[in-house]
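Single-structure report; data block below.
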Amino acid sequence: MIPLSQSEVAMLNDAQLKMKRNGKKYSHGRLVAELTLGFWVALMGRKYNTQAFQFAIIKSCLHGCPANQKKSSSVQKNLAEIRFLRNRIAHHERISHWKDLKQKHDLLLDFIFWLNKDMRKIAVDHDSFNDVYNTGIAPFLDFVENEL
């Protein structure tokens, strides 16, 4: 039994309730898919550093991860950065001014690769980040000025 805090237990319960509400039969794979990114950030957090499950998760899930990134603190930091980026985008907040936006995008692609190298190829094939990033904000400003 993994000694989770109340907040992580609540996230597990929420994921199970969501499956039930959506009429999905329980499976471990579905539960993992329903868990929030916040859950995984918390699971890699400092409060669980002494727990063997952190190493087991990293070893079994992050196959392509370089050795210098396989510490739970590095995984947690990377996941937290990805979560922060995702949340800013999901809330339609401006990120175009971030000086490290390209690095954050690269980190996201790296993390996808660490999880599954084939998924990285799919992500890259459907990714428009470089086109939008290289074009800059001018097309959006033109749209706002001329279309709205």
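The values are calculated or read from the model by the stated rules, or taken from the named source; none is laboratory data. Keep in mind that what you see is a predicted model, and the values were worked out from it rather than measured. Here the Cβ positions follow ideal geometry from the backbone for every residue, glycine too, while neighbour counts run over all protein chains shown. The area values use the complete protein model at the heavy-atom level, side chains included, leaving out ligands, DNA and RNA. Shrake-Rupley method; radii C 1.70, N 1.55, O 1.52, S 1.80 Å.
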> Restricting the search to the stretch 108-135, which residues are closer than 20 Å to S74 by Cβ, exposed (fewer than 13 other Cβ atoms within 10 Å of the Cβ) and either more than 18 Å from the chain's Cα centre (by Cα) or among the acidic types (D, E) (or both)?
Replying inline: none
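Restricting the search to the stretch 71-107, which residues are part of a loop (DSSP other than H, G, I, E, B) and either at negative phi or open to solvent by less than 60 Å² (accessible area, probe 1.4 Å) (or both)?
Hits for the stretch 71-107 are K71, H91, E93, R94, I95, S96, H97, W98, K99, D100.
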> Taking the stretch 108-121 as the region of interest, how many residues are modelled with pLDDT of 95 or more and not in a helix (DSSP H, G or I)?
Replying inline: 0
>> Can you say whether K20 is closer than 20 Å to M119 by Cβ, at pLDDT 90 or above and either open to solvent by 70 Å² or more (accessible area, probe 1.4 Å) or of a type in the set (F, W, Y) (or both), as far as the supplied structure shows?
In response: no
>> For the stretch 23-73, give me the residue count where each residue is of a type in the set (A, V, I, L, M, F, W, C), under 19 Å from L115 (Cα atoms) and more than 18 Å from the chain's Cα centre (by Cα).
In response: 4
